[in-house]
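Notes follow the structure.
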Ligand SMILES: C[S@@+](CC[C@H](N)C(=O)[O-])C[C@H]1O[C@@H](n2cnc3c(N)ncnc32)[C@H](O)[C@@H]1O
């Protein structure tokens, strides 16, 4: 399998510059999706009947064990899901590039038909000079549209520091927020549309430790009972700081929440913090 992946990567690196120079962003996306579907999604769908890759998970928290860490430990990261397909088709990096979708599918798929409220920080700017940019081929709002498709009765909200990419569509509304500024986060949560809390909050913004902490501390109260909060793209360099913070501070400060740290890349930046609020 690894030899196939290496050969696939070298073909991709030869073709990529040529494709990008000659095609429009949407044509690049369509091509990229087809390539991924044939070379990765379909073979993995078959192989995952026998191949299993599970993440390393550490649980924290004083909430009565809801089994969050155990549930995440049993996720097969090798097995693609409907969410992987939907997110990749729309141009989000949650499936194809980062492979967070097997984890999210395990957490959210039972709720697909419920009227959930989902919020995502970070829309995916394609301004190459902006911090945490997706690059010129980025598709702002891709993941929000993915949530809308996956949750046909859901309401989807988002926010970003880049005012130029804010938008409003059927069942999607977005707002300005600078996650490094606590008053900006409080203003965000004071918006009339955002009253009533969220069932799912995903933080996919600036990806610095300071920004992660700032948004988490100002947003955990917004979770509805049973709700899930996720911080994406945590770097391995910050593991120890997170472990200490979760052990010494958050597990005591938030007794109604259970925390699970999911290591997918060590070394690497594709790691998650998952927080679940007790159901009552
Ligand atoms: C990785 S992209 C988000 C990708 C998107 N969530 C998706 O799945 O397609 C990160 C986003 O964070 C935004 N960002 C950067 N700094 C920020 C800040 N201080 N506050 C809020 N958003 C910020 C960027 O403008 C960018 O759109």
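Each reported figure results from applying straightforward, stated rules to the coordinates on display, with no laboratory input. Only a predicted model underlies this, so the values are computations on that prediction, with no experimental measurement involved. No Cβ is skipped: glycine too gets one built from the backbone with ideal geometry, and neighbour counts run over all protein chains shown.
Placing pseudo-labels 7 Å out from each Cα toward the beta carbon at residue 14 and residue 241 gives an inter-label distance of 4.3 nm. Computed on the Cα atoms alone, the convex hull of the range 53-277 gives a volume of 115 cubic angstrom per residue. Compared with the direct C-alpha span, the chain from residue 191 to residue 97 gains 30.6 nm at full extension, assuming 0.36 nm per residue.
Extending 7 Å from Cα along the Cβ direction at residue 109 and again at residue 279 yields two label points whose distance is 2.0 nm. How much of the DSSP bridge set in the chain is antiparallel, in percent, rounded to the nearest 5? Close to 45 percent.
Helical content alone sets the calculated 222 nm signal of the chain at -10000 deg cm²/dmol, taking -39,500 (n - 2.57) per DSSP H segment of four or more residues and averaging over every residue. Computed extension length for residue 22-residue 224: 68.0 nm, one decimal, from 0.36 nm per residue of separation with the Cα-Cα distance subtracted.
Counted over the range 135-280, the DSSP beta bridges are approximately 55% antiparallel.
Comparing 233, 193, 204 in a Gaussian network model of the chain where C-alpha atoms under 10 Å apart are linked, the largest mean-square fluctuation is found at 193. The listed peptides 177-185, 76-84, ordered by packing as a protection proxy, come out as 76-84, 177-185 (highest mean of other Cβ atoms within 10 Å first).
If we count other beta carbons within 10 Å of each Cβ, what is the order of 240, 199, 129, fewest first?
With the sparsest Cβ surroundings first, the list reads 129, 240, 199.
Estimate the FRET efficiency between residue 82 and residue 49 by the formula 1/(1 + (r/R0)^6), using the beta-carbon distance for r and 25 Å for R0, to the nearest 0.05. Efficiency for this residue pair is about 0.90.
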